């Protein structure tokens, strides 16, 4: 019997003062033209979600972060509702205020821009499930676990 499976991913919001760093997606085939977490990606086999967040920061932005500098924001269980395994997700959102290096776009084939924005002045549009987290965070009502698409 096949068990239900979900795809885990790590999302990293760099924080400088009250601003967060977002990237403009382009060329990925998913939510292109939308702003999103500056670094995010799937957890690879044998990798912890903490290690995945650190790896993604280095690969996408060229910055080094330590696992102890990750502050958990929330975990999100989400679905597209289409019963496709690839669209069943568990996302882990982190805040990071300490890193080494200056964030810069290293994957120009996947992102068109990078910018700092206040939580109350986000660019438009933002990837919907990420905007849900950002709105709750800004309102001060972000719970430890949220759902999206159910």
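The values are calculated or read from the model by the stated rules, or taken from the named source; none is laboratory data. For clarity, every value in this text was computed on a predicted model and none was experimentally measured. With ideal geometry, Cβ positions are generated from the backbone for all residues, glycine too; neighbour counts draw on all protein chains shown.
The table below lists the values:
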read-out: Candidates 124, 83 - the one that is in a loop (DSSP other than H, G, I, E, B), at positive phi and exposed (fewer than 14 other Cβ atoms within 10 Å of the Cβ); value: 83
read-out: Every residue from the stretch 99-109 that is out of contact with any strand residue (DSSP E or B) (no Cβ under 7 Å at 6 or more places or on another chain) and surrounded by 12 or more Cβ atoms within 10 Å (Cβ to Cβ); value: 106, 107
read-out: Output for the stretch 129-145, where each listed residue is touching a residue at least 12 places away in the same chain (Cβ under 8 Å) and either assigned to a loop (DSSP other than H, G, I, E, B) or within 14 Å of the chain's Cα centre (by Cα) (or both); value: 129, 130, 132, 133, 134, 137, 142, 143, 144
read-out: Hits in the stretch 86-121 - residues which are within 18 Å of residue 16 (Cβ to Cβ) and assigned to a strand (DSSP E or B); value: 93, 94, 95, 96, 100, 113, 114, 115, 116, 117, 118
read-out: Residue match in the stretch 54-69 (condition: surrounded by fewer than 18 Cβ atoms within 10 Å (Cβ to Cβ) and closer than 23 Å to residue 136 by Cα); value: yes
read-out: Complete set of residues in the stretch 79-109 that are modelled with pLDDT under 95 and within 14 Å of the chain's Cα centre (by Cα); value: 89
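Residue-by-condition table, conditions (1) within 14 Å of the chain's Cα centre (by Cα); (2) within 20 Å of residue 84 (Cα to Cα); (3) touching a residue at least 40 places away in the same chain (Cβ under 8 Å):
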residue: 5; (1), (2), (3): no, yes, yes
residue: 14; (1), (2), (3): yes, no, yes
residue: 26; (1), (2), (3): no, no, yes
residue: 31; (1), (2), (3): yes, yes, yes
residue: 38; (1), (2), (3): yes, no, yes
residue: 42; (1), (2), (3): yes, yes, no
residue: 56; (1), (2), (3): yes, no, yes
